[in-house]
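Quick notes on the structure that follows.
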Amino acid sequence: AGLSAVNVMAADDGGDTITVGFSQVGAESDWRTANTESMKSTFSEENGYELIFDDAQQKQENQLTAIRNFIQQEVDYIVLAPVTETGWDTVLQEAKDAGIPVIIVDRMVDVSDDSLYTAWVGSNFKLEGQKAMAWLDAYLEAKGRGDEEINLVDIQGTIGASAQIGRTEGFDEAVEAHDNWTTLAQQSGEFTQAKGQEVMESILKQSGDDIDVVYCENDNEAFGAIDAIKAAGYEVGGEEGQILVMSFDTTNAGLTQTLSGEITCDTECNPLHGPRVEEIIQKLEAGEDVDKQAYVDEVAFAADDTVTKVTIDGTDYDITPITQEIID
Ligand code: AHR
């Protein structure tokens, strides 16, 4: 209740319009485009908001500048989708000193004092990685390849971003748990299609014949990696002798490539955060308490029905075989 009281005071400018400064990571992926669209359509004039949108082009220094501009402009709320987890303490302290509530969305911040932000809503990135790797384990087992030597490549996201940290942790822990799994290469594709393709091309040159699995930390990297794999003369898919590609996000294009079998498993990362952030703001406006941290429920899709369920720490998660109806 104390938190909410502070926030209501900060947001009370005597007018009806609520001004929101949103510092967005960039436009690196299809997921990000959908996320921006969700925020812009939610925080529209018709809905009673003035949205000040800033695209940081994947650079933290641009986000720091944007937040300082929002403070100068005396916005009612600052919404931050942080590019990386660390490096936010000073600027968030400045926002707190100015009495402006900060809502963190999508990726997380790693700050020494939790009171530097009001609420966070986003994905459980580690769980996403764990689900994907549990699917891989069960899939290889079901295909009679449980005891085979398996060589894996991890095309990571932007280093230091929660989405990279969690998905890489899920990957690393699963590889460590299998004596017959080996990480051949682990390199950042910066969550972009171009970099995913470039990184995959160079890994293929070194060890193309040995690769069994490519774990891409988002769909755009997977699109680039698939292009590189096919251009190098290899086949993508879930059968022995093919390179099995895994991905995250479940964008429309990602699920379409899952349906065609080029991506064998695509784990959801939900981008539609606009209404979730608005709910937080409306609760704060009404003087109600908000959850400090809230995870979004997410699912996973596979190219076929070889594995339809995985269990992590005693909890079952469905893996849904993709169909055209789901994509539509
Ligand atoms: O933080 C979410 C991640 O960021 C998405 O997986 C990726 O596509 C985006 O760039």
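What follows draws every value from the coordinates through simple rules; no lab data is involved. As the structure is a computational prediction, the values presented were derived from the model and not from experiment. Cβ: placed from backbone, ideal geometry, glycine included. Neighbour counts: every protein chain shown.
By the helix-only formula, in which each DSSP H run with n ≥ 4 contributes -39500 (n - 2.57) and the sum is divided by residues, the chain has a 222 nm mean residue ellipticity of -12500 deg cm²/dmol. Of the GluC sites (Glu not before Pro) found in the stretch 83-162, those in coil by DSSP whose Cβ has at most 13 other Cβ atoms within 10 Å are GLU148, GLU149.
Computed over the chain with a Gaussian network model linking Cα atoms closer than 10 Å, the most mobile of GLY224, GLY196, GLY314 is GLY314. Taking the centroid of alpha carbons for each part, the stretch 225-303 and the stretch 160-210 are 17 Å apart. Full extension of the segment from LYS309 to ASP97, taken as 0.36 nm per residue of separation minus the current Cα-Cα distance, would add 71.5 nm. Extension gain for GLU148-ASN252 works out to 34.1 nm (0.36 nm per residue, less the C-alpha to C-alpha distance). Considering only the other residues whose Cβ falls under 15 Å of the Cβ of ALA231, what net charge follows from Lys and Arg at +1 and Asp and Glu at -1? Once positives and negatives cancel, what remains is -3. Restricting the calculation to alpha carbons of the chain gives Rg and Dmax of 21.0, 67 angstrom.
Counting neighbouring Cβ atoms within 10 Å and putting the fewest first, the residues GLU45, GLU74 line up as GLU45, GLU74. Taking 0.36 nm per residue of separation and subtracting the current Cα-Cα distance, fully stretching the chain between GLU85 and TYR234 would add 50.0 nm.
Partners of LYS59 within straight-line reach, counting lysines whose Cα lies under 29 Å from its Cα and excluding those fewer than 8 residues away in the same chain: LYS40, LYS96, LYS126, LYS195, LYS292. Antiparallel beta bridges, as assigned by DSSP with both residues in the chain, represent about 15 percent of the total such bridges.
Compare the Cα positions of THR65, PRO101, SER112 along the charge dipole of the chain (+1 at Cβ of Lys, Arg; -1 at Cβ of Asp, Glu; about the Cα centre) and return the one farthest towards the positive end. So the residue we want is THR65. Springs between Cα atoms under 10 Å define the GNM used for the chain, and in it the highest mean-square fluctuation of ALA303, ALA163, ALA138 occurs at ALA138.
For the chain, set up a Gaussian network in which alpha carbons nearer than 10 Å are linked by springs, and say which option among TRP135, TRP120, TRP88 fluctuates the most. The residue that fluctuates most here is TRP88. If R0 equals 51 Å, the separation of the Cβ atoms of GLN187 and ASP16 corresponds to a calculated FRET efficiency of about 0.55. Could you tell me whether the stretch 123-166 comes out rounded, prolate or oblate from its Cα gyration tensor? Rule is a ≥ b ≥ c as square roots of the eigenvalues, rounded for a/c under 1.5, then prolate if a/b exceeds b/c, otherwise oblate. Note, shape of the stretch 123-166 comes out oblate.
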